[in-house]
Amino acid sequence: MPRRILLALTLVLIATLAAQQGGAPRDSVVRATLDNGLRVVIVRDPLAPVVTVEDNYLAGGDETPAGFPGTAHAQEHMAFRGCTGLTADQIAAVYAQLGGNNNADTQQNITQYFVTVPAADLGVALRMDAACMQGVEDSQDQWNEERGAIEQEVSRDLSNPTYKFITRLNEDMFAGTPYAHDALGTRESFEATTGQMLHKFYQDWYAPNNAILVIAGDVDPAAALAQVKELYGKIPRRQVPAHPEVNLPAVKADSFTLDSNLPYELVFLAFRMPGTSSPDFAAARIMADAIGSQRADLYGLVPAGKALGSEFGLDETYPKASVGFAVAAIPSAADAGPITAEMKNILASYVEKGVPAELVEASKKSEVASVEFDKNSISDLAADWSQALAAEGRESPQEIVDAMKKVTPEDVNRVAKTYLKLDSAVVAVLKPSASGEPVSAKGFGGAESTTVAPTKPVPLPDWAEVSVKSLKVPAAPPAPADMKLPNGLRLIVRTVTASPTVSVVGEVKNEPDMETAAGKDGADSVLGELFSYGSQTRDRLAFQKALDDIAASESGGTSFNLRVLKQYFTQGVELLADNELHPAMPEEAFQIVRKQTADVAAGTLASPEYRAGRALSLGLMPKDDPSLRETTPATVNALTLADIKAYYAKVFRPDMTTIAVIGDITPEEARPVIEKYFGAWKAEGDKPAVTLPAVPANKASAANVPDPTQVQDSVSLAEEVGINRFSPDYYALQLGNHVLGGGFYATRLYRDLRQKHGYVYSVSNSLRASETRAAYSVSYGCDPENVSKARALVDEDLNAMRTTNVTDAELQQAKALLLRQITLSESSEDAVASGYLGRALMGLPLDEPIRAARRYYEISADEVRAAFEKWVHPENFVQVVRGPAPK
């Protein structure tokens, strides 16, 4: 739906502006430059006993040799394939036992390695990172194995229409410069790359004097700095080549259309904007915020019924330039011409008449407030400092915030006139290509195998052995206050003083497939969109202005939330309750939203992703299961406003609602405010049924869903298992699941499908359980000719879990992985709040993670094997392949 479309656009198409913000009090930041040139920044944040280490090398896609795009990206991969004193297996084993929360990325001008671990394990994380700064193996044998995986990453991205758009856009915006090609690389360049070439790139650029190390979290800065000096101080500095120059030519107007597998059409109007080193960059960010505001004319296309969603974003932010773009989503079969003209007229008006000063001021308030919210996630805080120092060349994240504080409406209008040049804009359309119908197919199980060779233990360095292999149940976090108001609403409050902010998240327990009247499918979607039209006391614009005035963000619906500065908590809760309990639901808005919902439903039903998901559901569920209900244009168009109001009255009840309040507030402060604004809410009639019935075991089946935009196959394997979230075997299955995955090369599926054979870039496995049902699934992407080979390995690994006990080393590693992940789940306020909410709605105790930890600690290899033998049967998988027909 429109707001969900915007969320998808934000997550998939553009880098969120929040990722470029952040800060910390000056006395909580320690800086140093070692004798070898390594810059170190340590930011203390006592949010949780967790720390993030992020190492930033000042080289990326810009520095790759001519004719070999992706060299920096390939080197990033190879850093996990062996470093000084560490084999690939040791690296994987250590990171897995630290909690498995590590990764890396290659951007245009930086390569970043980051890991989040319990604070007690900081020394191990630093040793791992320092070993790779000291030296990387880059052997030809290891590259031969890794090449297949990175080529699958290329195929995955080339199957993504938004990636193809960004690639083409950069060629227009930055022709003839290093910015014209991103850091991903090509299959052709990787086929020609050698381990020797990669090692030369490493020697050229991976020097301490070309790196910035950021440490953020609950650490003693002086002690952490002493560790850094000990571990990194002896690594010699090296001469670093000159970075390539970027000389940007003028942008030439262009227009193009790309095929897409999205359920709606996307229309872009793109412009080259100032880069991060430009004095105009701060004003450009404020301008983008203001034009993208829900009070601005571009978003006004949505309530006017002219677009399904719209946005103005700033992306591809490099030192010399960035890209700004307006984007609108329209129905899949619509003509892009009218909306393109509308967007041009809106932007031309802002250029001619200026951006409203009140929107400029609201954007500045929001940017400044976001600094405080960024302290509520330790990993985000590390990323913010890394972005500021390494990617943008600033002294701190606060530097850009201070610059934005000084921006005036005149600055914004000057930037708009300078950069929003319609005569050189790039216009792009992502046009949906409908999928064909699913085609029944044979499964690709390969020859059945009952056992695999047991995994040999990986000997770890002495400095890692004791630390990472020590198993203990983590200390319980502070218990929240858990209250029930007289009207039945459950309130959970926990005080966290990392920043002067408060986050409120809530959910009305609901199940649209159970609560929607027959023939009224889509009522929940229409209702969900109507919350964006304000309340009965404030219309859409007045409601958004009230939020802007206190620099708060809010969203209403069955899942609702509020982020607000502590000083405005009362005002924020009043607005949230007004929207949640008294949504406006004007007739004119209903007519528009109903049409938008029907248009999206039409595109969704024809989209490859939906058809693949539908094929999976039809294979798993009995034919009369409520979850198989479909929203169609016909069911949506049959809805009346009375239907929507009746659905609201049935679903929205205080005795089905849980609210979690997390932040710089005590239970004694929070309860009276929540009770004041939500306490008069009353429930009428019996509670609706919201629990789906249990389902029988499914039968094996297979289907292929055509997707003309994909070069890679997306494979989903799933089966219903006869347990639920409260079954005793749930924990043994989850522990075994972490033997199979969750720890990169240290776990079986990654090791077999990626490390050894290079069939996939990623593989995921999960056990998802509710009150009444559970499903086990494995998914991966690979070339069509490797679908059956990868499936055979999946079957082999799962059958081994059923017939042979996992090794002591694997069991210990899986336990370490799970136990540390419990600690890591406390590393952001959002994670804490969503954890409480999920457990409350499921009917689990709020301290379930600690109870689960005790259970995981005790589980034996016999219990794991028995649980898999009883419940997991790969021969019963439903297999759905989206993309080219498997070979």
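The values are calculated or read from the model by the stated rules, or taken from the named source; none is laboratory data. No experiment lies behind these values; they were computed from the predicted model shown. All Cβ positions, even for glycine, are placed from backbone atoms using ideal geometry, and neighbour counts span all protein chains on display. Areas reflect the complete protein model, heavy atoms only, side chains present, ligands, DNA and RNA absent. Shrake-Rupley method; radii C 1.70, N 1.55, O 1.52, S 1.80 Å.
Taken over the stretch 721-733, residues that are open to solvent by 10 Å² or more (accessible area, probe 1.4 Å), out of contact with any strand residue (DSSP E or B) (no Cβ under 7 Å at 6 or more places or on another chain) and in a helix (DSSP H, G or I) amount to 2.
Being open to solvent by 10 Å² or more (accessible area, probe 1.4 Å), among the β-branched types (Val, Ile, Thr) and under 28 Å from Tyr419 (Cα atoms): is that true of Ile110 here? Spelling it out, it is not the case that Ile110 is open to solvent by 10 Å² or more (accessible area, probe 1.4 Å), among the β-branched types (Val, Ile, Thr) and under 28 Å from Tyr419 (Cα atoms).
Of the helices (runs of 4 or more DSSP H) lying entirely inside the stretch 602-655, the ones with 2 or more residues being over 20 Å from Pro696 (Cβ atoms), over 31 Å from the mean Cα position of the chain (by Cα) and modelled with pLDDT of 95 or more are found at 633-637, 641-651. May I ask you to verify whether Asp182 is open to solvent by 40 Å² or more (accessible area, probe 1.4 Å), touching a helix residue (DSSP H, G or I) at 6+ places or on another chain (Cβ under 7 Å) and under 30 Å from Tyr780 (Cα atoms)? Considered against the rule, which asks whether it is open to solvent by 40 Å² or more (accessible area, probe 1.4 Å), touching a helix residue (DSSP H, G or I) at 6+ places or on another chain (Cβ under 7 Å) and under 30 Å from Tyr780 (Cα atoms), Asp182 comes out as yes.
Applying a threshold of 7 Å to beta carbon distances and a minimum spacing of six or more residues, or different chains, the list of pairs starting in the stretch 94-118 at a residue that is closer than 13 Å to Ala391 by Cβ and assigned to a loop (DSSP other than H, G, I, E, B) and ending at one that is open to solvent by less than 10 Å² (accessible area, probe 1.4 Å) and hydroxyl-bearing (Ser, Thr, Tyr) reads Gln108/Tyr179; Ile110/Tyr57. Would you check if Glu771 is assigned to a helix (DSSP H, G or I), out of contact with any strand residue (DSSP E or B) (no Cβ under 9 Å at 6 or more places or on another chain) and open to solvent by 30 Å² or more (accessible area, probe 1.4 Å)? Judged against the criteria, Glu771 is not a match.
A count restricted to the stretch 529-582 and to residues that are farther than 23 Å from Gly663 by Cβ, in contact (Cβ under 8 Å) with a residue 60 or more places away in the chain and in a loop (DSSP other than H, G, I, E, B) stands at 0. Annotation: of all residues in the stretch 175-190 being in contact with an Asp or Glu (Cβ under 8 Å, 6 or more places away or on another chain) and part of a helix (DSSP H, G or I), the one that is nearest to Gln712 (Cα to Cα) is Arg187. Scanning the stretch 190-226 for residues that are touching a Gly at 6+ places or on another chain (Cβ under 9 Å), buried (at least 18 other Cβ atoms within 10 Å of the Cβ) and within 27 Å of Asn160 (Cβ to Cβ) yields Phe190, Thr193. Looking across the stretch 237-277 at every residue that is polar (S, T, N, Q) and out of contact with any strand residue (DSSP E or B) (no Cβ under 9 Å at 6 or more places or on another chain), the one that is farthest from Thr177 (Cα to Cα) is identified as Gln239.
Looking at Asn561, is it under 23 Å from Ile330 (Cβ atoms) and open to solvent by 10 Å² or more (accessible area, probe 1.4 Å)?
no
Report whether or not Thr177 is modelled with pLDDT of 95 or more, over 30 Å from Asn36 (Cα atoms) and polar (S, T, N, Q). For Thr177, the condition - modelled with pLDDT of 95 or more, over 30 Å from Asn36 (Cα atoms) and polar (S, T, N, Q) - is not met. Filtered by the rule that a residue be more than 28 Å from Glu826 (Cβ to Cβ), among the aromatic types (Phe, Trp, Tyr) and open to solvent by 10 Å² or more (accessible area, probe 1.4 Å), the stretch 32-91 gives a lone residue, Phe68. Exactly one residue out of Ala718, Ala703, Ala670, Ala683 is open to solvent by less than 40 Å² (accessible area, probe 1.4 Å) and either closer than 19 Å to Gly488 by Cα or out of contact with any strand residue (DSSP E or B) (no Cβ under 6 Å at 6 or more places or on another chain) (or both), and it is Ala670. On the stretch given as the stretch 10-50, residues that are under 30 Å from Gly313 (Cα atoms), at pLDDT below 95, aliphatic (A, V, I, L, M) and in contact with a Ser or Thr (Cβ under 9 Å, 6 or more places away or on another chain) total 6.
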